[in-house]
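Okay, structure first, notes after.
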Amino acid sequence: MKLTTKQLTLCGILTTLALALSVAENQIPLSLAIPIPGIKLGLANIVTVFALYVLGPGQAMLILLARCLLGAVFAGNMNALLFSLLGGVTAMIVMILLSRSRRLSVYGVSIGGAAAHNCGQIAAAVLTLGNTAPLYYLPVLLGVALFTGALTGTVAACLFRALAHTDLMKG
Amino acid sequence: MKRITAVLMAVLMITGLTACGEADPDKARESIQVIAMDTPMVFTAYGEKSTHAVYMAEDEARRLDALLSRTDENSVIYQLNHADGLGITVGEEVCGLIEAAEAYSQATGGAFDISIAPVVSAWGFTTDRYRVPDEAELAELLTHVGSEHITTAEDAAALDPGTQIDLGGIAKGYASDRVVAIFRENNVPRGKAELGGNILVMGDKPDGTPWRVGVQDPAKPDEEAYAAILTLEDAFIVTSGSYQRYFEENGKRYHHIIDPATGHPADSGLTSVTVVADSAEGNGTMCDALSTALFVMGEERALDFWRSGTYDFELVLVTEDGRVVVTDGLKDILTEVEESGYTYEIVS
Amino acid sequence: MRSSPELRPNFWDALVALAVVLLAAGCGFAVWGGQNGAAALTAVVSVDGVETERLVLADTGETERTVESNGYTLCLRLTETEVWVEEADCPTQDCVHTGHISRSGQSIVCLPARVIITLEGGQPVDNGVDIVVG
């Protein structure tokens, strides 16, 4: 994959932004309201959605991988890498597929991605724990994904609207 | 079209939310097992905050373990026991517990006494190095036993030199009181807690029937054999029995419930005493203290004490001569166990 | 811009949301619906208050497990119906003396090693009790 200087810069900025959002959302104790381990708003997904449309699947995937890897390094927790990778990559694949359908808006893509993200994380939990207990959380997590997906979709839509007339969108 | 779509999505999301919200609270069940206060404990809670509740219960048990342990050098009780007669600040919680213990001691005519600790140690029950102490040694140790050797004031306490206390006789009961408070704070609709021989049942079972609590048959301590079965909701149940800890020397059996009056294992004709009370906070401590005291007092004095109405509780006494004596408050919720071979008596 | 994204939610998005709801409901039914009472007899091993292993007896068949904790080693044996501690180097040996457990609610405790093995699930026992006091 050959990147232009502009694309490379954008990738770097978006990776940073995704990391910052990950850190920021860790400050929001969502698990207090819904007592499920690993429950998150998934704000970093906004970046993924944005990158997917603006830079295309390849670079969006690069940003995702960099985000997961760096996030795990910064957190000093390599165990979390499997979780974020499996969740992130599953979400990515689903969003790439959904975004191919021109009929879907960013909302549908985001919701699909959020649901896929949770499925991926539960899969990681089942793999690491070696038992199926985490499946118990899946129905609730999927329900929550509707909201977090709609939320990230809304933010992404606002973002696209705000940037509609800038150079950025004409890549 | 857009409006319709927006409304449709909103409806879908709300369905999604209520679908989670309406999940049967009984499906949210958490059960953990821990070892604290030298005994296995099991905490089981239902409800949305069940996980939070049981882990808070575990933390509380560990906190009390560290606070009240007689052997942990960092515990307040250890420091008080080794203060050489000086008064030290023990905090209001420990002070309150000592005062509660004193009250049970007074009420039971000294049958329950936290200052019996050095005598229990002399028999080796704290260290597992069992021995039969001679009379002179016991007589000397008994001079330091009694409420008069303990002084408390607000958040401070002092022991006369030579006196040592052990809150082990009420610590687990107190812990069960704390567990009931934690469960209530977390809106736990039903659950149970086992802290060694201290049981708490809260609410009824998920199927709507009361909890079935088996009273261990003292004659068959290692088997699944019950002297009686009680069906209970919202109750504390505590058993003290001579079968729980004992050793044998020269063909004679010595158990761990020491009579503060003699310094010897209580020889009261009972093999176990089970105290039952409703789950009001404070009753866990009461049941714990009274089960020990009433074992020491024996059948007659125990029943007199029950009849006196000093405290609100019910009793199941198992005697050496094969009888199960039950106070009449339990008569409708007690199931006799035919194969146990006991004869049952309801007293009022 | 590779593709211009739709920025307003439409009918197709609602379909995605519906699919997620159906998936959640389906999973919910699969996970929560089928386990009423008939859960298989499971041995739960916990060390120092932390659950370390959950073994469905019918699935694991005859196996051995070594549990190391607090400086002691317990040798655990499991069959399709029973669990027992075969051997342990703890001073009290209570866990070994407890013998075989085979019914829901029974447990083996090793205080020195801070290990608890409990059986959960399985068929409720006739005239069984929920808790034993004493």
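The values are calculated or read from the model by the stated rules, or taken from the named source; none is laboratory data. Every value quoted in this text rests on a predicted model; they were computed, and no experiment measured them. Here the Cβ positions follow ideal geometry from the backbone for every residue, glycine too, while neighbour counts run over all protein chains shown. Ligands, DNA and RNA are excluded from the accessible area calculation, which covers all protein heavy atoms including side chains. Shrake-Rupley method; radii C 1.70, N 1.55, O 1.52, S 1.80 Å.
Remarks
- When you restrict to C-alpha pairs under 8 Å that are six or more residues apart and normalise by the size of chain C, the relative contact order lands at 21 percent.
- Total buried accessible area between C and A, probe 1.4 Å, nearest 100: 2300 Å².
- Cα gyration tensor shape of chain C, rounded if a/c is under 1.5, else prolate or oblate by comparing a/b with b/c: prolate
- Global form of the stretch B:210-348, assessed from the alpha-carbon gyration tensor, a/c cut-off 1.5: oblate
- Nonlocal amide H pairs with B:THR335, under 5 Å, H built at 1.01 Å: B:ILE229, B:LEU230, B:THR231
- Equivalent ellipsoid of chain B: semi-axes from √(5λ) of the C-alpha gyration tensor, largest first, are 41, 27, 17 Å.
- Residue (of C:ASN70, B:ILE258, C:VAL50) at the positive-pole extreme of the protein assembly as shown, dipole from beta-carbon charges: C:VAL50
- Near B:THR108, no amide H atom lies under 5 Å from its own; only residues 5 or more places off or on other chains count, and H is placed 1.01 Å from N.
- Under 5 Å between amide hydrogens, built in the peptide plane, is the criterion, and for C:ALA88 it picks out C:CYS75 among residues at least 5 positions away or on other chains.
- Summing Lys and Arg as +1 and Asp and Glu as -1 over all other residues whose Cβ lies under 11 Å from the Cβ of B:TYR174 gives a net charge of -3.
- Ligands, DNA and RNA are left out, and with a 1.4 angstrom probe the accessible area of chain C is 51 Å² per residue.
- For chain B: relative contact order, % (alpha-carbon pairs under 8 angstrom, 6 or more apart): 15
- Checking every one of the trypsin sites (Lys or Arg not before Pro) in the stretch C:38-134 against DSSP loop status and a limit of 10 other Cβ atoms within 10 Å picks out no site at all.
- Each Lys or Arg adds one and each Asp or Glu subtracts one; over the other residues with Cβ under 13 Å from the Cβ of B:SER115, this totals -4.
- Taking a ≥ b ≥ c as the square roots of the Cα gyration tensor eigenvalues, the protein assembly as shown comes out prolate, since a/c reaches at least 1.5 and a/b is larger than b/c.
- Packing-based ranking, highest mean first, of B:302-310, A:149-157, B:119-127 given that Cβ atoms within 10 Å are counted: A:149-157, B:119-127, B:302-310
- Chain A, helix-only ellipticity at 222 nm - DSSP H runs n ≥ 4, -39,500 (n - 2.57), divided by all residues, nearest 500: -25500 deg cm²/dmol
- Inter-chain Cβ neighbour average for residues A:98-107, partner chain, 10 Å: 6
- Percentage relative contact order, the stretch B:205-348, counting C-alpha pairs under 8 Å, at least six apart: 23
- Portion, in percent, of the accessible area of the stretch B:210-348 that falls on carbon or sulfur, probe 1.4 Å: 42
- Lys pairs under 18 Å by Cα in chain B, provided they are eight or more residues apart or on distinct chains: 7
- When the stretch C:42-120 is reduced to its Cα atoms, the Kirkwood hydrodynamic radius in Å: 12.1
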